[in-house]
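Note sheet for the following structure.
What follows draws every value from the coordinates through simple rules; no lab data is involved. No experiment lies behind these values; they were computed from the predicted model shown. Cβ coordinates were reconstructed from backbone atoms using ideal geometry, including for glycine residues, and neighbour counts include every protein chain displayed.
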Amino acid sequence: MITAFALGVLLLVALVLALKWYVSVEPREILRAFTWVLLTVAMIFVVWLALSGRFMVAVGAFPVVMLWLSRMFTGLRYAQMFKRMLGGRENAESHPAERPTNMTRGEALKVLGLFEGASPAEVKAAHRRLMAQLHPDVGGSDYLAQQINQARDVLLS
């Protein structure tokens, strides 16, 4: 009973310290810490499976966990990139009235990651690449897909 109470207090103190750290640190550091925490948890899980006599399960679980983590972090990186490129418009989904209606050519180039003078083929290729990674059907958001489509339309018109 006392150990459960002490463990609860310890977890509460750790949670408070983690929240204080989260509020005061740069987003890049949060992503880096999150990456290492998840990687550490995945490795502990695989080691636990191996030590508990389930070595073949551990061997099979390791690549699956690593593939899942890499896909998740790729999505987080793209979301963070779009947040920076669009100037903090991440709340536009919750406030439809604040959605931008016109996109400049410069903004469109930033969204698609292109430079001035890009050919229509380059615009289409960049659009296809980003939509394959950020389409709502593969875990992206409707807002990001809308921005990518709008950028393509601005550059091709």
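If you line up the long axis of helix 27-51 against the longest principal axis of the chain, both from Cα atoms, how many degrees apart are they, to the nearest 10? Taking Cα atoms only, the helix is inclined about 40 degrees.
Sequence-distant contacts, meaning Cα pairs under 8 Å at least 6 residues apart, place the relative contact order of the chain at 16 percent.
The residues neighbouring residue 133, those whose beta-carbon lies less than 12 Å from its own, together hold a net charge of +3 under the Lys/Arg +1, Asp/Glu -1 convention. Farthest towards the positive end of the charge dipole of the chain, among the residues 37, 156, 24, is the Cα of 37, using unit charges on the Cβ of Lys, Arg, Asp and Glu.
Within the listed set 59, 16, 47, the residue fluctuating most in the Gaussian network model of the chain (springs between alpha-carbon atoms under 10 angstrom) is 16. Put a dot 7 Å past each Cα toward the Cβ at residue 30 and residue 4; how far apart are the dots in nm? With each label placed 7 Å out from Cα toward Cβ, I get 3.4 nm. So what's the angle, to the nearest 10 degrees on a 0 to 90 scale, between helix 120-134 and the longest Cα principal axis of the chain? Here the helix axis deviates by roughly 30 degrees.
For the chain, the equivalent ellipsoid built from the Cα gyration tensor has semi-axes of 40, 22, 12 Å, listed from largest to smallest. Using the Cβ of residue 122 as centre and a radius below 12 Å, the other residues enclosed give a net charge of +3, where K and R count +1 and D and E count -1.
Take the Cβ atoms of residue 47 and residue 116, set R0 to 41 Å, and the FRET efficiency comes out at 0.20. Using the Cβ-Cβ distance between residue 68 and residue 21 with R0 set to 22 Å, the FRET efficiency works out to roughly 0.30. Each 5 Å bin from zero holds the following percent of Cα-Cα pairs in the stretch 97-157: 4, 20, 32, 22, 16, 5, 1. By other beta-carbon atoms within 10 Å, ranking 44, 30 with the fewest at the front produces 44, 30.
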